[in-house]
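Input: a single structure, listed below in structure tokens.
The values are calculated or read from the model by the stated rules, or taken from the named source; none is laboratory data. Because the structure is a prediction, the values reported are computed rather than measured. So basically every Cβ, Gly included, is an ideal-geometry build from the backbone, and we count neighbours across all protein chains shown.
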Amino acid sequence: MKHLIRIPDWSVAEVADVLRLAAEVKAEPKRFRKALDGQTLAMIFQKSSTRTRVSFEVGMHQLGGTALFLSSRDIQLGRGEPISDTAQVLSRYVDGIMARTYAHADVVGLAEHGTVPVINGLTDFNHPCQALADLQTIQERLGDLAGKKLTYVGDGNNMAHSLMMAAVRTGMHFACASPRNYTMDADYVALARELAEETGATVTETDSPSEGVAGAHVVYTDVWASMGQEAEQAERVVAFAGFQVDEALMEKAHADSIFLHCLPAHRGEEVSAAVCDGPRSAIFDQSENRLHMQKAIMITLMGAG
Ligand code: CP
Ligand code: NVA
């Protein structure tokens, strides 16, 4: 049984294959109209979502299947039914489960106890679907991924972790610029560095945004307070002072650099409106590619082969 829980669980070849398939799905959507004919995807959401929910639901429809939106507020999971029981019950009804949870262990538990493929639609630790879709966007805009520099500026969060591993699997050079108390998980960085040897990727960390973006082909940022961290918003705005991606910072990147953000964005905080809505920004291509990439992910995991 194959899942998408975190990017390093997929090999270099598997990441390359899903990127190729996503490009085909985007170019010729009609060819895949029956790819998941009659199948059902259960979508569990403990957190809000616009892009993930709509792109999975529309994607499943476009592949000939159906998607069920299950808010944890409405299903028994929200009243304490164990993840293990939820996984076993849903596996008797559906062909795949996508879940957005707080604890990463919950998505892992769904995969361990269920008997159908599980897709991580964001946890506090990872956001692999977004990072794979971002690889598609970077490839479309800049061509070959290997050797390009991707710099993430901001909180060492779920998005940073998945982008780091996406870079490592495709031979990109990944730099993360974060304030000292908001760096990425040290064990995950160590794993990334180990895996990087296979593709020639590199992983660097700095607390200087200017140093981080020097020569970057892609500059990426995300919110300073993620879902579940709303109470820390005020202290984070102070801690992240100097980490806004603005035009002055973009000037330090490669002359043809692009700006990416997974969205939702807070203009005036982690990114200036001028950059977010400026000529280098590819934010809405990123959102669109969530649809194509997730169709490719679902075909890979749930298709007849
Ligand atoms: N980028 C992303 O995952 O957006 P949503 O929270 O709207 O799904
Ligand atoms: N880091 C953000 C990503 C949202 C898509 C969060 O977890 O809220």
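If I filter region 63-102 down to residues being in a helix (DSSP H, G or I) and either aromatic (Phe, Trp, Tyr) or crowded, with 18+ Cβ neighbours inside 10 Å (or both), which single residue comes out as modelled with the lowest pLDDT?
Quick first cut of region 63-102, residues in a helix (DSSP H, G or I) only: 76-79, 83-93.
Filter again for either aromatic (Phe, Trp, Tyr) or crowded, with 18+ Cβ neighbours inside 10 Å (or both), leaving 77, 83, 86-87, 90-91, 93.
Details: Leu77: 94, Ile83: 97, Thr86: 98, Ala87: 98, Leu90: 98, Ser91: 98, Tyr93: 98.
The qualifying residue modelled with the lowest pLDDT is Leu77.
A single entry from Val18, Val58, Val107, Val25 fulfils the requirement of being assigned to a helix (DSSP H, G or I), of a type in the set (A, V, I, L, M, F, W, C), at pLDDT 95 or above and within 16 Å of ligand 2 (Cβ to nearest atom): Val107. Pairing residues of region 122-136 that are farther than 10 Å from Gln286 by Cβ with residues that are aliphatic (A, V, I, L, M) and buried (at least 24 other Cβ atoms within 10 Å of the Cβ), at Cβ distances under 6 Å and at least 6 apart in sequence or on separate chains, gives Thr123/Val107; His127/Met159; Pro128/Leu4; Pro128/Ile7; Ala131/Leu163; Ala131/Ala166; Leu132/Met293; Leu135/Ala166. Answer yes or no as to whether Leu142 is crowded, with 24+ Cβ neighbours inside 10 Å and either in contact (Cβ under 8 Å) with a residue 40 or more places away in the chain or more than 10 Å from the chain's Cα centre (by Cα) (or both). Judged against the criteria, Leu142 is not a match. Restricting to region 188-240, and then to whatever is farther than 26 Å from Ala273 by Cβ and charged (D, E, K, R), can you tell me which residue is farthest from ligand 1 (Cβ to nearest atom)? Checked region 188-240; the qualifying residue farthest from ligand 1 (Cβ to nearest atom) is Glu197. When region 204-251 is filtered for residues that are buried (at least 22 other Cβ atoms within 10 Å of the Cβ) and β-branched (Val, Ile, Thr), the ones remaining, listed by number, are Val213, Val218, Val219, Thr221, Val223, Val245. Checked against (1) buried (at least 24 other Cβ atoms within 10 Å of the Cβ); (2) within 12 Å of the chain's Cα centre (by Cα), Asp124 passes all but condition (1).
With small (Gly, Ala, Ser), surrounded by fewer than 22 Cβ atoms within 10 Å (Cβ to Cβ) and within 24 Å of Glu251 (Cβ to Cβ) as the only criterion, which of Gly147, Gly171 stands out?
Details: Gly171 fails: within 24 Å of Glu251 (Cβ to Cβ).
Only one candidate qualifies: Gly147.
The C-beta contact set for region 249-265 (first residue at positive phi, second residue within 16 Å of ligand 2 (Cβ to nearest atom) and not in a loop (DSSP other than H, G, I, E, B), distance under 9 angstrom, 6+ apart or interchain) comprises Leu263/Arg51; Leu263/Ile283; Leu263/Phe284; Leu263/Gln286; Leu263/Ser287.
Going by the structure shown, is Ala131 closer than 19 Å to Gln294 by Cβ, within 16 Å of ligand 2 (Cβ to nearest atom), aliphatic (A, V, I, L, M) and in contact with a Ser or Thr (Cβ under 8 Å, 6 or more places away or on another chain)? So Ala131 passes the test.
Note on region 258-284: among residues that are out of contact with any helix residue (DSSP H, G or I) (no Cβ under 9 Å at 6 or more places or on another chain) and part of a helix (DSSP H, G or I), the one that is nearest to ligand 2 (Cβ to nearest atom) is Phe284. Only residues that are without any contact (Cβ under 8 Å) to a residue 40 or more places away in the chain and away from ligand 1 (no atom under 16 Å from the Cβ) were counted in region 281-305, giving 2.
Taken over region 87-105, the criterion of being touching a residue at least 60 places away in the same chain (Cβ under 8 Å) and away from ligand 1 (no atom under 16 Å from the Cβ) is satisfied by Asp95, Gly96. The set of residues in region 137-166 that are under 20 Å from Ser281 (Cβ atoms), touching a strand residue (DSSP E or B) at 6+ places or on another chain (Cβ under 9 Å) and either more than 16 Å from ligand 2 (Cβ to nearest atom) or among the β-branched types (Val, Ile, Thr) (or both) comprises Thr137, Ile138, Arg141, Leu142, Lys148, Lys149, Leu150, Thr151, Val153.
Taken across region 217-230, residues that are within 16 Å of ligand 2 (Cβ to nearest atom), touching an Asp or Glu at 6+ places or on another chain (Cβ under 6 Å), under 24 Å from Gly171 (Cα atoms) and at pLDDT 95 or above do occur, with at least one present.
Residues in region 110-128 that are of a type in the set (A, V, I, L, M), within 16 Å of ligand 2 (Cβ to nearest atom) and not in a loop (DSSP other than H, G, I, E, B): Ile119 only.
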